[in-house]
Amino acid sequence: MSERWKVVIVGGGFGGLSAALRLNSDLVDVTLIDRRNYHLFQPLLYQVATGSLSAGEVASPLRSVLSRQKNTRVWLGTVVDIDPDSKRVFLADGTIVPYDSLIVAAGSQTSYFGHDEWQEWAPGMKSVEEATAIRHKILYAFEVAERLSDPVQRRAWLTFLIVGAGPTGVELSGAIAEIARQTLKNDFRSIHPEEAQIILLDGAPRVLMPFPDDLAEKASRSLAKLGVEVRCGATVKLVNKEGLTIDSGGRTDSIPAKTVIWAGGITASPLGKIVASRTKVESDKGGRVKVKSDLTIPNYPDIYVVGDLAWAADANGKPWPGVAQVAMQGGTYAAKAILRRVKNQPELPPFHYFDKGSLAVIGRAAAVADVFGLHISGFLAWLVWAFIHITYLVSFQSRILVFIQWAIQDLTFSRGARLITGRAPTDFNFNSEVSQMHRMPETKPEPVHALH
């Protein structure tokens with residue numbers, strides 16, 4: 001009996017996991033390698049950051065997801081190099097993994113456009129660790145403000161800046177606004193959380209640039225109803241401990257804020273540069289590997305690159321967007337192509353991305369959706385968004401838990417995962433305010449409806 005075809009998949013995200021699930025065949029042996037032991041449903045990561053869901057509800061252990069596939073094994077490890085000529089993958093611990101077919105689906109990471117030093121003050125949201133750090137920053141800001149009597153310092157702690165007005169930025173700013181105006185409104189005695197100022201920034205002329213104009217306008221109106229201030233055409237020049245500096249129409253402004261969140265862009269995983277170097281193939285300025293129409297690398301038909309790590313365009317020359325749909329369809333395509341090769345069947349036609357539409361939620365029962373060219377907004381769009389996201393969760397248990405959490409939240413505005421975990425920040429010394437704190441008023445001050 002001949003040895004079975006060896007398939008190595010790098011990355012357990014949408015692309016890698018879709019490929020692994022499709023390769024459930026006795027003809028191949030599959031090894032899935034990932035730095036984490038779980039598949040993360042990134043579209044709902046902002047809900048971890050805002051206390052709606054816990055990390056375990058948006059992440060599923062890869063071994064559990066693939067436990068029924070006896071031809072598949074999962075390895076926890078970091079791929080640091082490949083040798084495309086000898087068909088080997090090298091791990092950080094020195095392990096060498098041979099392959100007959102390789103699927104590279106290592107995903108992407110947050111891009112600070114050449115200013116990686118900003119990450120210290122403006123965390124991105126591509127991992128569970130980053131999401132819980134953001135949750136910490138958001139909730140801690142209210143705790144600090146509760147103990148401050150200086151209105152200037154209090155305003156800085158109650159100002160939340162979100163950089164990037166794509167779907168993630170819009171969803172995150174809407175969720176923070178709901179936290180301030182609904183979830184926490186009765187929880188404090190010295191502050192009114194609803195006075196919090198949420199500012200959404202972007203260098204583009206409007207929010208949700210990939211969406212049609214009418215849906216973007218409706219999203220802007222929904223954000224305004226929640227009290228979110230949108231500033232488009234604003235370019236970030238500096239981020240530090242005190243806030244950030246922006247350039248808007250040639251005018252420079254500094255915005256004091258203790259909470260800055262980066263949702264401004266992504267770049268390919270560093271593995272993309274390694275793959276491009278080893279295979280001598282081009283990559284774009286974001287580090288994405290340029291692939292052929294069948295998702296393989298030129299001169300290396302046994303290496304597939306899918307998801308955020310791949311660069312390719314449709315028939316009109318428009319690059320595929322970096323969304324989960326592209327990764328899932330690409331992973332499935334690569335798996336089918338490999339199985340056809342193993343079975344000596346005719347090759348698949350070129351990969352074609354089927355765009356099912358775009359979705360973004362703004363708040364409770366408010367969303368916008370472009371589904372098969374049909375523009376939907378409001379409660380109906382929210383229902384579509386909720387149904388699709390629950391459907392795409394890989395774990396049945398997660399679907400049930402998320403559904404229950406959303407139902408409770410929509411009825412009560414309560415967010416059950418409002419935990420401040422990890423080490424408390426050291427950027428404010430409460431002891432210096434002790435003499436002022438004992439003079440703080442015993443009763444709640446009259447609400448101020450806007451912070452200017």
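Just so it is clear, none of the values below were taken in a lab; they were calculated from the coordinates. Keep in mind it's a predicted model, so treat the numbers as computed, not measured. All Cβ positions, glycine included, derive from the backbone under ideal geometry; neighbour counts span all protein chains shown.
Annotations for the structure displayed:
- Taking amide H as placed 1.01 Å from N in the peptide plane, Y304 has its amide H under 5 Å from the amide H of L102, I103, V104, each at least 5 places away in sequence or on another chain.
- DSSP beta bridges fully contained in the stretch 1-136 are about 40 percent antiparallel.
- Of the residues P43, I9, V58, the one whose Cα sits farthest toward the positive end of the charge dipole of the stretch 6-64, with +1 on the Cβ of Lys and Arg and -1 on the Cβ of Asp and Glu, is I9.
- Across every pair of non-identical alpha carbons in the stretch 110-208, the mean reciprocal distance, once inverted, gives a Kirkwood radius of 14.5 Å.
- Counting neighbouring beta carbons within 10 Å and listing from fewest to most, the residues R155, R189 come out as R189, R155.
- Derived scalar couplings ³J(HN,Hα) [the stretch 125-136; Karplus, 6.51 cos²θ - 1.76 cosθ + 1.60; whole Hz; x for Gly, Pro]: 9, 10, 9, 4, 4, 5, 5, 6, 5, 5, 4, 4
- Sites F387 and T252, calculated FRET efficiency, Cβ-Cβ separation with R0 56 Å, nearest 0.05: 0.80
- Normalised by residue number, the volume inside the convex hull of the Cα atoms of the chain is 153 Å³ per residue.
- Scaled against 2.2 N^0.38 Å for its residue count N, the alpha carbon radius of gyration of the stretch 244-325 is 1.50.
- DSSP beta bridges fully contained in the chain are about 55 percent antiparallel.
- Taking D308, D29, D202 and counting other C-beta atoms within 10 Å, the order from fewest to most: D29, D202, D308
- In whole percents, the pair-distance distribution calculated for the stretch 267-425 from its alpha-carbon pairs, binned every 10 Å from zero, is 9, 27, 27, 23, 12, 2.
- Taking every lysine pair in the stretch 273-357 that is 8 or more places apart or spans two chains, those with Cα atoms closer than 28 Å amount to 22.
- All Cα-Cα distances of the stretch 1-126, cut into 10 Å bins from zero to the largest, leave 12, 36, 32, 16, 4, 0 percent in each bin in turn.
- Principal-axis tilt of helix 396-412 within the chain, Cα atoms, nearest 10 degrees: 20
- Shown here for the stretch 249-305: trypsin sites (Lys or Arg not before Pro) in loop regions (DSSP other than H, G, I, E, B) with at most 14 other Cβ atoms within 10 Å, namely K280, K285.
- Loop-located chymotrypsin sites (Phe, Trp or Tyr not before Pro) in the stretch 264-363, at most 12 other Cβ atoms within 10 Å (DSSP): F354
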